[in-house]
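Chemist: What follows is a structure written as structure tokens; I'll ask about it next.
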Amino acid sequence: MQLFETKWRSPSNIALVKYWGKYGTQMPRNPSVSFTLTNAHSDTFLRISKLEKEENNGITFDFLFEGERNIAFRAKQLKFLESIEWRFPWLQTYQISVNSSNSFPHSAGIASSASAMSALALGLCEFDAALKNEPTSGDDFLRKASVISRLGSGSACRSVYPQLAMWGALSGVPNSSDEYAIPVANDVNPIFHTYHDDILLVSSAEKSVSSRAGHSLMEDNPFAKPRYAQATQNLTELMNAMRTGDLARFGDIVENEALTLHALMLCSQPSFILLKPNSLAIIEKIRDFRTETRLPISFTIDAGPNIHVLYPDEYKTEIQSFIHSELLSLCENRRMVADMVGMGALKVK
Ligand code: PMV
């Protein structure tokens, strides 16, 4: 094939049970599960054209982020391409051009690696399938895209599936694997397909620890072993709570996971404090509001200071009015990204 062009839109995801700790080629130390989001996504246009000379000089790669050159992002994506050359040997004989953009502000402290890496992986898998006359959609295609996404950024492997995706081998869950994520939305009460995730932007400052460094700190963390066992237990219990529609138990487990992630960072060496005073103030207000109203509001947190507020759509009127009146004043410039559980990655026509 001389020329191939495609564009994929892939969303970010928010982990409910956290992946924190890895080994080998992006293999997780414990299984995880996440909501696939809607509004926070990356759009990646991929152009693959045959090189005139087939010299073995490494990968020929052009990268634009939001229409402009971005050296740091290019380096990350090139490293990813080099790491998958053994699966896609054609990478040597084509010119690869990527033009990528995010729907969310770059400086908002929302991780973009899951959406960006999965969008690129989907485009590459589509080309690879086209070369081999294989289907460019369906279960096998998505599974392969999940494997390739994982090699770009572990959590990216969950972004290709709608609503809810689980990554990591878990006994009793057929097809679960450390190599790819599987869709598990049909295993839960449909109320969880309606969940909102309002991302309260407490600080947009650059993170003081990269997720790569964070994962590697787990290697010497004295609590690593019990943590991996706890994550497995939490995942099993969370899936049961979601199956039976137990919103209170869902909130307990999800908050325990978020605070455990930060506890692990607090006691790593060196130690990292990513929560800000306003992150804690927001958490306290959410818990007080829940006690007073008995509404099913809960929170989770990524590896940063922003608070993700989770609630089912049927309670949006009361909960959004609480967020606007009580929580937005604790955010940087009253910033929030209103998101929801979404339908996964899609090819843009
Ligand atoms: O995919 P990575 O290497 O950026 O790690 C993601 C880690 C967390 O976001 C903190 C948890 C998760 O499961 O997404």
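Read the figures in this text as sums done on the coordinates, not as results from a lab. Computed from a predicted structure; not experimentally measured. Neighbour counts run over all protein chains shown; Cβ positions are idealised from the backbone, glycine included.
Chemist: Relative to the longest principal axis of the chain, what angle (0 to 90°, nearest 10) does the C-alpha long axis of helix 139-152 take?
Modeler: 80
Chemist: What is the magnitude of the charge dipole of segment 199-349 about its Cα centre, with +1 placed on the Cβ of each Lys and Arg, -1 on the Cβ of each Asp and Glu, and no other charges, expressed in debye to the nearest 20?
Modeler: Computed charge dipole of segment 199-349: roughly 380 debye.
Chemist: Please get the size of the charge dipole for segment 84-216, origin at its Cα centre, with Cβ charges of +1 on Lys and Arg and -1 on Asp and Glu, quoted in debye to the nearest 20.
Modeler: With Lys and Arg at +1 and Asp and Glu at -1, about 240 debye.
Chemist: How big, in percent, is the set of alpha carbon pairs in segment 100-245 lying more than 24 Å apart?
Modeler: Result for the distance tail: 45 percent.
Chemist: Here's something else I'd like to know. Under unit Cβ charges (Lys, Arg +1; Asp, Glu -1), what dipole magnitude, rounded to 20 debye, does the chain have relative to its Cα centre?
Modeler: Here the chain has a charge dipole of around 340 debye.
Chemist: Please name whichever of Ser268, Met1, Leu328 sits farthest to the positive end of the charge dipole of the chain, dipole taken about the Cα centre and charges placed at Cβ: Lys and Arg +1, Asp and Glu -1.
Modeler: Highest projection toward the positive end goes to Met1.
Chemist: Further, regarding this structure: Quick one: what Rg and Dmax do you get for segment 224-349 from the alpha carbons, in Å?
Modeler: 16.0, 48
Chemist: While we're looking at this one, here's another question. If all Cα-Cα distances of segment 169-273 are sorted into 5 Å bins from 0 onward, what percent lands in each bin, rounded to whole numbers?
Modeler: Histogram of Cα-Cα distances, whole percents per bin: 2, 9, 16, 18, 19, 17, 13, 4, 0.
Chemist: Could I get the Rg over Rh figure for segment 223-288? Both from C-alpha atoms, Rh via Kirkwood, rounded to two places.
Modeler: 1.04
Chemist: If contacts are Cα pairs under 8 angstrom and at least 6 residues apart, what is the relative contact order of segment 265-326 in percent?
Modeler: For segment 265-326, the relative contact order is 26 percent.
Chemist: Still on this model: Provide the gained length on full extension for the span Ser137 to Gln233, in nm with one decimal, where the gain is 0.36 nm per separating residue minus the Cα-Cα distance.
Modeler: My answer for the length gained is 31.2 nm.
Chemist: Would you pull out the residues with amide H under 5 Å of Asn30's amide H, same chain only if 5 or more places away, H placed 1.01 Å from N?
Modeler: Trp20
Chemist: Roughly how many whole Å is it from the C-alpha centroid of segment 226-266 to that of segment 30-52?
Modeler: 27
Chemist: Please determine, in degrees from 0 to 90 and to the nearest 10, the orientation of helix 113-131 with respect to the longest principal axis defined by the Cα atoms of the chain, where the helix direction is its Cα long axis.
Modeler: 30
Chemist: Would you mind getting me the FRET efficiency between Ala338 and Ala213? Use the beta-carbon distance for r and R0 = 30 Å, nearest 0.05.
Modeler: 0.45
Chemist: I need to check one value: relative contact order of the chain, counting alpha carbon pairs closer than 8 Å and at least 6 residues apart, in percent.
Modeler: Computed value for the chain: 24 percent relative contact order.
Chemist: Also, quick follow-up: So what's the net charge close to Asp339: Lys and Arg +1, Asp and Glu -1, counting the other residues with Cβ under 12 Å from its Cβ?
Modeler: Here the count lands on -2.
Chemist: What does the highest-first list of 10-18, 221-229, 239-247 look like by mean Cβ count within 10 Å?
Modeler: The most tightly packed comes first, giving 10-18, 239-247, 221-229.
Chemist: Explain nothing, just compute: Karplus ³J(HN,Hα) = 6.51 cos²θ - 1.76 cosθ + 1.60, θ = phi - 60°, for every residue of segment 40-49 in order, whole Hz, x for Gly and Pro.
Modeler: Per residue, the Karplus-derived 3J(HN,Hα) values read 7, 9, 10, 10, 10, 8, 10, 10, 10, 10 Hz.
Chemist: Counting Lys and Arg as +1 and Asp and Glu as -1, what is the net charge of the other residues whose Cβ lies under 15 Å from the Cβ of Arg287?
Modeler: Value of the local net charge: -3.
Chemist: Percent relative contact order of segment 126-230, based on C-alpha pairs within less than 8 angstrom and at least six residues apart?
Modeler: Averaging sequence separation for qualifying contacts and normalising by length gives 15 percent for segment 126-230.
Chemist: Pop the C-beta distance of Met1 and Asn39 into the FRET formula with R0 = 35 Å and round what comes out to the nearest 0.05.
Modeler: Plugging the Cβ-Cβ distance into 1/(1 + (r/R0)^6) gives 0.55.
Chemist: Amide H of Phe104 versus every other amide H placed in the peptide plane: which residues, excluding those fewer than 5 positions away on the same chain, fall under 5 Å?
Modeler: His41
Chemist: Whole angstrom only: what separates the Cα centroid of segment 80-123 from the Cα centroid of segment 275-323?
Modeler: 33
Chemist: Next question, about the same structure. Any chance you could tell me what percent of the C-alpha pair distances in segment 1-92 go past 24 Å?
Modeler: For segment 1-92, the fraction of Cα-Cα distances above 24 Å is 40 percent.
Chemist: If the viscosity is 1.567 mPa s and the temperature 4 °C, what Stokes-Einstein diffusion coefficient in µm²/s follows for the chain when Rh is the Kirkwood radius over Cα pairs?
Modeler: 63
Chemist: Can you list, bin by bin at 10 Å, the percent of alpha carbon pairs in segment 23-173, starting at 0?
Modeler: 10, 40, 36, 12, 2, 0
Chemist: Kindly state, to the nearest 0.05, the FRET efficiency for Lys53 paired with Ala248, given R0 = 45 Å and r defined as their beta-carbon distance.
Modeler: 0.10
Chemist: Something else now. Cα convex hull of segment 248-322: how many Å³ per residue?
Modeler: Given the Cα convex hull of segment 248-322, per-residue volume reads 83 Å³.
Chemist: Where does helix 277-293 land angle-wise versus the long Cα axis of the chain, in degrees 0 to 90, nearest 10?
Modeler: Around 60 degrees separate the two axes.
Chemist: Taking the inverse of the average 1/r across all pairs of different Cα atoms in segment 76-147, what Kirkwood radius in Å do you get?
Modeler: With all distinct Cα pairs of segment 76-147 included, I get 13.5 Å.
Chemist: Between Thr317 and Glu68, what length comes free when the chain is fully extended (0.36 nm per residue of separation minus the Cα-Cα distance, one decimal in nm)?
Modeler: Difference between extended and current length: 85.6 nm.
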